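Each remark here refers to the structure printed beneath this line.
The values are calculated or read from the model by the stated rules, or taken from the named source; none is laboratory data. Because the structure is a prediction, the values reported are computed rather than measured. When we count neighbours, we look across all protein chains shown, and the Cβ atoms used for this are built from the backbone with ideal geometry, even at glycine. Note: accessible area is taken over every heavy atom of the protein model, side chains too, but ligands, DNA and RNA are not part of it. Shrake-Rupley method; radii C 1.70, N 1.55, O 1.52, S 1.80 Å.
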Amino acid sequence: IATITPKDKNSAEGISYAYTDTVGEPGAYIYRVQAVAHNNKRITTEEVTINVAPSKGTDSFQYGKLTVGSTDATTTYYSGTFNETPCVFTGAATNKNTKFYAGTIVKNNKTNFTYQFMPWATTKENNLSNTEEVPFLALQEGLHQFDGLDCEVGIVTSNKATSSNPWTDITEVTFHNPFPEGITPVVFAEIRNPSYTTSSTSKTSLIVRVFDVTNTGFKFIIYPEKASSRKVAIAQNVQYLAITPGIGTVDSEQEIIISAGHGTDNPIYGVTMRDNFFYANGTEEPLKLYSPTVLAALQ
């Protein structure tokens with residue numbers, strides 16, 4: 001896409017190069033750099049995938065959908081820089097890749113985050129056969145209120161595995177601000193910069209399971225993929241989001257709203273599908289949202 005004139009290698013500032021690419025459409029763009037030596041030998045870097053402009057929202061609330069086409073790490077930049085590193089929550093992948101099973105790795109900072117699929121040892125396909133769209137939500141740690149919806153975002157440290165456990169011991173979380181009596185919040189939990197991802201021989205997919213949710217807190221446990229036969233011996237940093245069921249306004253000028261709720265009373269087993277609807281507070285008529293970003297998780 002561009003050719004850059006070489007600089008003087010003996011300059012006092014050293015050799016560094018910068019180039020800004022201008023793109024028209026949001027999506028995943030793949031870049032690499034090629035250097036041509038004096039003997040015309042070409043040296044090419046590895047590919048880097050950048051998700052361009054999928055992030056929208058405010059300086060404390062960002063959301064969007066990632067375009068993911070491989071198991072390589074992809075970087076997504078926020079539309080605005082957070083004051084502190086936010087907590088990032090990603091939704092489930094679709095059913096476009098029925099033979100591909102994987103966990104995920106999410107690493108983040110103030111300006112961007114990286115997302116990467118980590119295939120299970122038992123997966124039938126090691127890479128995506130179809131491009132996935134993965135929803136995400138990024139919020140600043142602390143207490144938020146969207147109209148009448150209370151939202152708490154926090155970070156806790158999980159318990160490690162005991163000698164008899166291949167997974168972690170149960171960790172119990174107490175909310176900083178309890179929800180009203182009789183209110184069961186919707187809870188998302190995700191590992192923040194997970195361990196066991198440092199080498200090809202020790203990679204293990206980890207997943208968080210949330211249960212026993214009440215108005216004062218919840219419990220969670222971390223499982224490794226069964227085929228790894230590894231113990232989760234290192235405590236993990238886990239970020240969580242707890243929000244009142246209902247609908248609230250995030251930003252009235254940008255017309256951003258948030259709707260939170262529990263699934264149907266019928267449990268989901270195996271590959272059975274269920275329809276779920278969005279409802280406004282105190283109504284029985286389904287709510288229609290324009291191009292919503294949907295995050296779902298087992299609870």
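I'd like the residue in the range 107-150 that is in a strand (DSSP E or B) and among the polar types (S, T, N, Q) and, out of all such residues, is most open to solvent (accessible area, probe 1.4 Å). Within the range 107-150, the match that is most open to solvent (accessible area, probe 1.4 Å) is Gln145.
Cβ contacts < 9 Å: first residue closer than 27 Å to Tyr29 by Cα and open to solvent by less than 90 Å² (accessible area, probe 1.4 Å), restricted to the range 1-15; second residue among the hydroxyl-bearing types (Ser, Thr, Tyr) and assigned to a loop (DSSP other than H, G, I, E, B), any location; separation 6+ or different chain. Result? What qualifies is Ala2/Tyr19; Ile4/Tyr17; Ile4/Tyr19.
Contact map, the range 165-181: first residue part of a loop (DSSP other than H, G, I, E, B) and at pLDDT below 95, second residue aromatic (Phe, Trp, Tyr) and open to solvent by 30 Å² or more (accessible area, probe 1.4 Å), Cβ cut-off under 9 Å, separation 6 or more or different chains; pairs are Pro166/Tyr223; Trp167/Tyr223; Thr168/Tyr223; Ile170/Phe211. Kindly provide the set of residues from the range 84-106 that are of a type in the set (Gly, Ala, Ser) and open to solvent by less than 60 Å² (accessible area, probe 1.4 Å), ordered by number. The answer is Gly91, Ala93, Ala102, Gly103.
On the basis of being touching a residue at least 40 places away in the same chain (Cβ under 8 Å), on the phi < 0 side of the Ramachandran plot, small (Gly, Ala, Ser) and open to solvent by less than 20 Å² (accessible area, probe 1.4 Å), does Ala73 make the cut? No: the conditions fail for Ala73.
Suppose the filter is within 21 Å of Thr122 (Cβ to Cβ) and either at pLDDT 80 or above or in contact with a Leu (Cβ under 9 Å, 6 or more places away or on another chain) (or both); does Val213 pass it? Judged against the criteria, Val213 is not a match.
When you look at Thr184, is it touching a helix residue (DSSP H, G or I) at 6+ places or on another chain (Cβ under 9 Å) and open to solvent by 20 Å² or more (accessible area, probe 1.4 Å), yes or no? In short, no.
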